[in-house]
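Bear in mind that the values in this text are calculations on the coordinates, not laboratory data. Predicted model only: the values in this text are computed from it and were never measured. Glycine also receives a Cβ, built like all others from the backbone with ideal geometry; neighbour counts cover every protein chain displayed.
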Ligand SMILES: C[S@@+](CC[C@H](N)C(=O)[O-])C[C@H]1O[C@@H](n2cnc3c(N)ncnc32)[C@H](O)[C@@H]1O
């Protein structure tokens, strides 16, 4: 079945360029005498030398020229081994876009930071993200991974085996996410990763609210909507859906979110 999130079934993984316009601080001198009693000597705040200006402003000035290179560096920072590279090339063969290495490393980090023992993945694919997750989870952890395509899961099963994970470490469930999620237990999962049909993201977030324990983490893939998320002129269904889901999470009392600009974008949120 083709991915509902993208007509081609593959995400656009080209590097993005960000246009960040921050105006460097050049403050006018402040005369404190305006607010202090007259007995206090007049003080004039010195102009801040360029070298001591806010580092963010300094970085922002060079961001347009270095962003693509820096993003490439970040993506390659944690290298993939042969098994992951194999899973990735099999994903390409079957027409799927797996998570990027930077996103995989972030998933592994989230799993490790939360000592995750029970993880749900929606969208197994050929096992790239699943393998990253398994490598961050506790040694006794179980990855429940859901996909509607048996062929993708057949490949993923082999990949997990090749990487040395016993079959008991994974629970591979074939089916549509919205049919499977209601069968999972409430409040026991440490991390839920969603990488399937964008049209179902809202329902997946709702399910995650029920399935995660307090302090558990939700991670939604594709949160930059192929780079269109910040473009007000982009009104296609997928972008609008991602925007709405991101807004709902940000405004909900249930979550503590951050939008991580790794790969295709990872919206991570901790359940209160
Ligand atoms: C982008 S791929 C997942 C890639 C995988 N997470 C990785 O990085 O290796 C999306 C997967 O979601 C599956 N999928 C699409 N719609 C689905 C649905 N409604 N329920 C479950 N799986 C679905 C597709 O079959 C596909 O394998």
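Structure values in brief
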| quantity | calculated |
| --- | --- |
| Debye equation applied to the C-alpha atoms of segment 82-271, log10 I(q)/I(0) at 0.19 Å⁻¹ | -1.37 |
| Inter-label distance for residue 256 and residue 235, nm, one decimal - labels placed 7 Å from Cα along Cα-to-Cβ | 3.8 |
| Normalised contact order of segment 82-271, rounded percent, pairs of Cα under 8 Å and 6 or more residues apart | 19 |
| Distance from segment 75-109 to segment 129-192 (C-alpha centre basis), Å | 16 |
| Nitroxide proxy distance, nm - points 7 Å out along Cα→Cβ at residue 70 and residue 92 | 2.8 |
| Two-site label geometry, residue 206 and residue 272: point separation in nm, points 7 Å out along Cα→Cβ | 2.1 |
| Burial ranking of peptide ranges 126-139, 201-214 (average Cβ count within 10 Å, highest at the top) | 126-139, 201-214 |
| Protection proxy ranking, peptides 226-234, 117-125, 263-271, 167-175, average beta carbon neighbours within 10 Å, highest first | 117-125, 263-271, 167-175, 226-234 |
| Modelled FRET efficiency - R0 22 Å, residue 81 with residue 138, Cβ distances, 0.05 increments | 0.60 |
